[in-house]
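Visitor: Sharing a structure with you now.
Readers should treat all values here as calculations from the given coordinates under stated rules, not as data from a laboratory. Bear in mind the structure is a predicted one, so any value in this text is a computation, not a measurement. Cβ atoms come from the backbone with ideal geometry, glycine included; neighbour counts cover every protein chain shown.
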Amino acid sequence: MQAITQTISLSTKGYCDIINITPQVISIIAKAAVANGLVTVFCPGSTGAITTIEYESGALEDLKNALERIAPSDIPYKHDLRWGDGNGFSHVRAALMKPSLSVPLVSGRMTLGTWQQIVFIDFDNRSRHRELAVQVMGE
């Protein structure tokens, strides 16, 4: 069993900025030389999430609209009252979407569907610099 851990550095705009990170993950997998195993992508922080989606403008807009309905950005949140930073909605969205994703590797390739890409979503209410952890494990 071998493992490699690397990072993906991103500059984001916040406010549900969705970034396709599939090419960076594929590059890290190639360096790991793991044929069969697992790749995990993790976002340190409580206002970002990792998921999969078809990276197409309509699907991305649909996701953003759904998240706005589920955790609206324009209502009061207790978090905002305590800290005054106005990003309570981003914490709720990130908690619902989750900070990590694991994908099985078979014959050196992720088992993603044809139109499925891995994306990072920054829910914060400001631009950010993010360092995502990518760990590849297997044989």
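Visitor: At 7 Å along Cα-to-Cβ for each site, give me the label-to-label distance between Ala30 and Arg126 in nm.
Guide: So the two model labels end up 3.7 nm from each other.
Visitor: So, one more: Please report, in Å, the Rg and the Dmax of the chain, where both are computed over Cα atoms only.
Guide: When restricted to the Cα atoms of the chain, Rg and Dmax are 16.0, 50 Å.
Visitor: Using the Karplus equation 6.51 cos²θ - 1.76 cosθ + 1.60 (θ = phi - 60°), what ³J(HN,Hα) coupling, rounded to whole Hz, does each residue of the stretch 10-21 give in order, writing x for Gly and Pro?
Guide: Taking θ as phi minus 60°, the curve returns 9, 10, 10, 9, x, 6, 6, 5, 10, 10, 6, 10 Hz for the stretch 10-21.
Visitor: Near Lys78, which lysines are there with a Cα under 30 Å away, not counting those fewer than 8 places off in the same chain?
Guide: Reachable lysines: Lys13, Lys64, Lys98.
Visitor: Still on this structure, I have one more. List the relative contact order of the chain as a percent without decimals, with contacts defined as Cα pairs under 8 Å and 6+ residues apart.
Guide: Dividing the mean separation by the residue count of the chain yields 55 percent.
Visitor: What order, most packed first, do the peptides 121-127, 54-60 have when packing is the mean number of other Cβ atoms within 10 Å of each residue?
Guide: By packing density, highest mean first, the sequence is 121-127, 54-60.
Visitor: A further question on this structure: If we count other beta carbons within 10 Å of each Cβ, what is the order of Phe42, Phe120, fewest first?
Guide: In increasing order of surrounding Cβ atoms, one gets Phe42, Phe120.
Visitor: Right, next: Could you line up Leu96, Leu10 from fewest to most neighbouring Cβ atoms inside 10 Å?
Guide: Leu96, Leu10
Visitor: Related question: Taking the Cβ of Gln117 as the center, what net charge do the other residues with Cβ under 10 Å away carry, scoring Lys and Arg +1 and Asp and Glu -1?
Guide: Summing Lys/Arg as +1 and Asp/Glu as -1 gives -2.
Visitor: Let me ask something else. Going by average Cβ density within 10 Å per residue, which order do the peptides 46-52, 89-95 take, highest to lowest?
Guide: Ranking the peptides 46-52, 89-95 by packing returns 89-95, 46-52.
Visitor: Mind pulling the angle between the C-alpha long axis of helix 57-70 and the longest principal axis of the chain? Nearest 10 degrees, somewhere in 0 to 90.
Guide: The two axes meet at around 50 degrees.
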